[in-house]
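A quick write-up on the structure given underneath.
The values are calculated or read from the model by the stated rules, or taken from the named source; none is laboratory data. From a predicted model like this one, the values you see are computed outputs, not experimental measurements. As a convention, Cβ positions derive from the backbone with ideal geometry for all residues, glycine included, and neighbour counts pool all protein chains shown.
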């Protein structure tokens, strides 16, 4: 079952997000397509600034796929000094895309 994953990161900046993205892609710059992710299963990714920091919202094919990604992204977030946050994970009821 697909899951919606929400990371709300107080204090994170665009520069920190971009730094993390660069590390995630092995130095190839920002993530631009699902092929840039180090594990399969990503359906969509959206990120944006908030009044308090940064938010990233993903849809993954399964919680297992997200957990594989989590094993990669969490150490990267720690390395770049992002606050320690736990994602909110919800089962997807409906998803519409163009």
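When residue 54 is tested against (1) surrounded by fewer than 18 Cβ atoms within 10 Å (Cβ to Cβ); (2) touching a helix residue (DSSP H, G or I) at 6+ places or on another chain (Cβ under 8 Å), exactly one condition is not met: (1). On the stretch given as the stretch 8-30, residues that are buried (at least 18 other Cβ atoms within 10 Å of the Cβ) and touching a strand residue (DSSP E or B) at 6+ places or on another chain (Cβ under 7 Å) total 3.
For the stretch 20-58, filtering for residues that are assigned to a strand (DSSP E or B) and within 12 Å of the chain's Cα centre (by Cα) leaves 12.
Is it true that residue 40 is surrounded by fewer than 16 Cβ atoms within 10 Å (Cβ to Cβ), out of contact with any helix residue (DSSP H, G or I) (no Cβ under 6 Å at 6 or more places or on another chain), closer than 17 Å to residue 72 by Cβ and at pLDDT 90 or above?
So residue 40 fits the description; yes.
Within the stretch 20-31, the set of residues being in contact with a helix residue (DSSP H, G or I) (Cβ under 9 Å, 6 or more places away or on another chain) and under 16 Å from residue 56 (Cα atoms) comprises 20, 21, 24, 30, 31. Total residues in the stretch 69-89 satisfying the condition of being exposed (fewer than 15 other Cβ atoms within 10 Å of the Cβ), in contact (Cβ under 8 Å) with a residue 12 or more places away in the chain and in a helix (DSSP H, G or I): the figure is 2. Applying a threshold of 8 Å to beta carbon distances and a minimum spacing of six or more residues, or different chains, the list of pairs starting in the stretch 15-36 at a residue that is without any contact (Cβ under 8 Å) to a residue 40 or more places away in the chain and ending at one that is surrounded by fewer than 16 Cβ atoms within 10 Å (Cβ to Cβ) and in a helix (DSSP H, G or I) reads 30/18.
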